[in-house]
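Input: a single structure, listed below in structure tokens.
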Amino acid sequence: WPLRQGCIGPSGLLPGAMIPAVPTNPPRAKPTFAQAMAQKRAGGEDGFSQQDAKRARLDDSSRRHPVIPRAGPVAAVVAHSPLVPMRAHTPQPGYQAAPYGVQPNAHGSPAFPHTMGKGASPMPSPRVPLAPRAAMRAQSAPVTHRYSRGPATVEAVVNSFRPTPAYDEAVQEAMDELLQFLGRVYHNPPCTNLILFGSLLQNSYLEGSDLDISLAFGDLDLSANREACSMLRQLQSAIASDRRCGFSVREARLSATIRVPIICIVYSPHSPRLPPVELDISVGAVTASDGTRKGFTDEMIGAFLKEDGPFPLAADVIRLVKIFAKQHVMNEAFTGFFNSLSWTVVAIFALQRCGLLPAWNDWDSFKPSEHAQSQDLVSCFQAVLRTICDLDGLRMQVSPEERLCVSLVSGRTMTVPLHVQGVEPRTTIVVEDPGARIETDSLNNCARSLKPHCWSSICGRCYSAMQALQAGDLASIFPRPPSGGWRA
């Protein structure tokens, strides 16, 4: 030991050298998996337990591939979210509609006496940080497509997914062929009307968007699941037997537990220059859950998105938000995320906060804000992302017996108790259907399928997109270019 420590030379102990103490437990290298197994067998043991084997493999793996910790804690990424107070929470003049038969209080906000107490006021809007789960998801950067250089501007993103004249021609041809084909399929009872609803009626559809069509059969009640599935199976069998009709069934959602039975079909146009069109077919002239006429909500949203409406850029803002949700696979309700209608309602609500669009109750008395003419797509898209982060903070302040609700009718947020129809304990956030509120005075939650972990993922992606937007990194926000590449 002194020789190894350099204390002894050729002629003995070096002058002035002190022999260090021999350590009682000298450090030993951790045995590898093979060495540990040999030691066990030498000691008379036949083999390893599963726990010992797993620990030894982990030791070998960490020795060959050391784990490099991430730089920076979560708190360094999101310490305080740079959020602004919500303008929509302030009482607005002319507010008259009370939610679901409840009279407004003295502050002009809806009060629920059984849960909020007398004289309840709208939700406060302090500066709130992101939720911890959303902050952890925001720490990881969005996945960028390995072959994508990213679009030049957000206007290029919208133009790349804007419907082309060829797609509009294919949609018209698909509607004409479907009308003729339905006349050959349904005889008793005959199909009396095709009801078009969804993004095409809202004027916010994209290139390749699905067409939402409902089949009406006069006064026949098709609200029950069994009758609706029976009518759609008849159409499915007719398409399968007629191979020259131009239609093919891509998916059939006709189970007894599904709320709205539909079949997804694809139409192949006669001309090869026209793209195929996907159609989602359902039945019934009214919505089974609340009795609202199908298409009424989309007509209301279309009034917000008119080119000659209060804010001409509103339709392009909605398209940009839909593209963002689709790029990050956050636009399917059956996977637990927002559906297309929920994204549209939240985006319009964000424009209402900024004073760019009126609340439905204040439509006649609305005056655009002074900075409305100077707003562009970037600032509007950033306002939508910030609004979603704000809603996540406000949701944390609501009591467990209530849920946060976003309303386009009043243009602000409010709280609704759990016992109201459409609000359940598993509800994450309530996105009010404006058509159901106006036509039937009922609450229909567009985001009923939203799951808590999916909402956290949405908030994290929105916060990461805000950071990337400030840095000018559009490739991480829109990582997947269309088939034809990014347009100018």
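Observations on the structure shown:
- Residue pairs whose Cβ atoms lie under 8 Å apart, separated by 6 or more positions or on different chains, with the first residue in the stretch 371-393 and under 15 Å from L356 (Cβ atoms) and the second surrounded by fewer than 18 Cβ atoms within 10 Å (Cβ to Cβ) and charged (D, E, K, R), are L377/E155.
- Scanning the stretch 465-484 for residues that are polar (S, T, N, Q) and open to solvent by less than 60 Å² (accessible area, probe 1.4 Å) gives a single hit, S476.
- Filtered residues of the stretch 316-338 (kept if of a type in the set (G, A, S) and open to solvent by 10 Å² or more (accessible area, probe 1.4 Å)): A333
- Of all residues making up the stretch 243-254, the number that are in contact with a helix residue (DSSP H, G or I) (Cβ under 8 Å, 6 or more places away or on another chain) and not aromatic (F, W, Y): 6
- The set of residues in the stretch 400-411 being free of Cβ contacts under 8 Å to residues at least 40 places away in the same chain and of a type in the set (G, A, S) is empty.
- When residues of the stretch 408-418 are limited to those that are part of a loop (DSSP other than H, G, I, E, B) and under 24 Å from G336 (Cβ atoms), the one modelled with the highest pLDDT: L408
- Residue list for the stretch 183-198, restricted to those being among the aliphatic types (A, V, I, L, M) and under 35 Å from the mean Cα position of the chain (by Cα): L194, I195, L196
- Residue in the stretch 445-457 that is among the charged types (D, E, K, R), part of a helix (DSSP H, G or I) and open to solvent by 10 Å² or more (accessible area, probe 1.4 Å) present: no
- Only one of the listed residues (D433, D392, D362) is open to solvent by less than 20 Å² (accessible area, probe 1.4 Å), charged (D, E, K, R) and more than 22 Å from I301 (Cβ to Cβ). That residue is D392.
- For the stretch 189-206, the candidate set comprises residues that are touching a Leu at 6+ places or on another chain (Cβ under 9 Å) and assigned to a helix (DSSP H, G or I); within that set, the residue that is most open to solvent (accessible area, probe 1.4 Å) is L200.
- Flag if S209 is at pLDDT 90 or above, assigned to a helix (DSSP H, G or I) and hydroxyl-bearing (S, T, Y): no
- Residues satisfying the stated conditions in the stretch 342-363, i.e. among the acidic types (D, E) and without any contact (Cβ under 8 Å) to a residue 60 or more places away in the chain: none
- The stretch 249-288, residues that are touching a residue at least 60 places away in the same chain (Cβ under 8 Å) and open to solvent by 50 Å² or more (accessible area, probe 1.4 Å): H270, R273, P276, E278, V286, A288
- Test for S241: is it surrounded by 16 or more Cβ atoms within 10 Å (Cβ to Cβ), among the polar types (S, T, N, Q) and out of contact with any His (no Cβ under 6 Å at 6 or more places or on another chain): no
- Inclusion of P368 among residues that are surrounded by 23 or more Cβ atoms within 10 Å (Cβ to Cβ) and more than 22 Å from N445 (Cβ to Cβ) is not warranted.
Conditions tested, residue by residue: (1) assigned to a loop (DSSP other than H, G, I, E, B); (2) of a type in the set (D, E, K, R).
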position	(1), (2)
L220	yes, no
R243	yes, yes
A256	yes, no
I265	no, no
P275	yes, no
E278	no, yes
I281	no, no
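- Of the criteria (1) within 24 Å of the chain's Cα centre (by Cα); (2) in a loop (DSSP other than H, G, I, E, B); (3) of a type outside the set (F, W, Y), which one G291 fails: (1)
- Applying the criterion of being hydroxyl-bearing (S, T, Y) and open to solvent by less than 30 Å² (accessible area, probe 1.4 Å) to the residues of the stretch 289-315, the residue that is modelled with the lowest pLDDT is T292.
The values are calculated or read from the model by the stated rules, or taken from the named source; none is laboratory data. In this text, all values refer to a predicted model and were calculated from it rather than measured experimentally. Every residue, glycine as well, gets a Cβ built from its backbone with ideal geometry; the counts of neighbours run over all protein chains shown. SASA here: full protein model, heavy atoms, side chains in, ligands and nucleic acids out. Shrake-Rupley method; radii C 1.70, N 1.55, O 1.52, S 1.80 Å.
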